[in-house]
Amino acid sequence: MASAFARRSRAKLSRSRPKALVAALALATLTLPVAAQDASHSVVTTLDLGACRQVVSTSSTNGRQWRCPGLPGYPITLAEVDDRTFLSVGGPGKKMRASQQTLRAPNTLFPGGTKRATLEWRVPQAVVGVATPKRAVPYAMIVRYVTAREAERGQVLVVSKVSPVENCQVAYIDAVANADAMAVARRVADTVAKSFDCTLPPAFHGVTGKSPL
C-alpha cells in the first residue's frame, strides 16, 4: 500500500499537469515562425508567360511587354527593358507608378530561362480559402526578383501597394542577407503598404549587402 507521502505527491503532480500543459502550449504558440502565422493572409498565383499576351513593344529596341492574368479584376502588365523588369497591377489605360519602377541592378523574374514566377497577394484573412476568389481584394503584392551585377548574384523581395486606383513599390528586402526575408516582406505589406504614399520612393527593410540592389 502506498504511503501517505506518495499519495500526496501523486495528487500534487496531477494538479500541476494542467497548468504546465497550458504554459507549454502558450510558449509553443508564441514561438511559431512569424512566416507561418503571416501566411494566413496570402493568396498565391503563378505568373506564366505562356498565359500572357504580348503587346506592342516599349520604346526601347530590346524591350518587350505582356498583359498577364493576376487575381480577378487585377491584371498584370509585365515589361522587360534593358535587362530590368517592370511589373504593375491594373487594367489597360491605368498608368500606375509601379510601371515605371524597378531595381537599379539588372534583374529578372525568370532566371535561367524559366517562364513562371510566383506572385503572393496580401488579402484580408477572411477571404483566404473561400470558394469564390472574386472576393479577394488585395492590398499588397510580394514578388521575388533575381538580381545581378557583374559577378554578384542575389535575390530581392519587392513589396508593392495594390488598390483599384494605386499600385507602386513600397519596400525592398534582401532575401539573401535576411533569413526571415519573407516574414519581413509580409509584415511590411500588412503594416506599411495600405497607407503608403506612392509619391515616396521605396524603402529598404532588414539587412542589406548580400544582393545587388
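The values are calculated or read from the model by the stated rules, or taken from the named source; none is laboratory data. Keep in mind it's a predicted model, so treat the numbers as computed, not measured. Positions of Cβ are backbone-derived with ideal geometry, glycine not excepted, and every protein chain shown enters the neighbour counts. With ligands, DNA and RNA removed, areas are computed over all heavy atoms of the protein, side chains included. Shrake-Rupley method; radii C 1.70, N 1.55, O 1.52, S 1.80 Å.
Residue by residue, here is whether (1) open to solvent by 30 Å² or more (accessible area, probe 1.4 Å); (2) on the phi < 0 side of the Ramachandran plot; (3) in contact with a Pro (Cβ under 9 Å, 6 or more places away or on another chain) holds:
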| residue | (1), (2), (3) |
| --- | --- |
| V146 | yes, yes, yes |
| R149 | yes, yes, yes |
| K161 | no, yes, no |
| N167 | no, yes, no |
| Y172 | no, yes, yes |
| A175 | no, yes, no |
| A181 | no, yes, no |
| V184 | no, yes, no |
Residue in segment 53-60 that is modelled with pLDDT under 95, surrounded by fewer than 18 Cβ atoms within 10 Å (Cβ to Cβ), assigned to a loop (DSSP other than H, G, I, E, B) and hydrophobic (A, V, I, L, M, F, W, C) present: yes
Limited to segment 116-142, what total is found for residues that are in a loop (DSSP other than H, G, I, E, B), at pLDDT 95 or above and over 21 Å from P164 (Cα atoms)? 0
Of the residues N178, N167, which single one is within 18 Å of P69 (Cα to Cα), touching a Gly at 6+ places or on another chain (Cβ under 6 Å) and touching a residue at least 12 places away in the same chain (Cβ under 8 Å)? N167
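So that you can scan it fast, the table gives a plain yes or no per residue for (1) of a type in the set (S, T, Y); (2) out of contact with any Gly (no Cβ under 8 Å at 6 or more places or on another chain):
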site	(1), (2)
W66	no, yes
T77	yes, no
E80	no, no
D83	no, yes
L87	no, yes
M96	no, no
L103	no, yes
F110	no, yes
T118	yes, yes
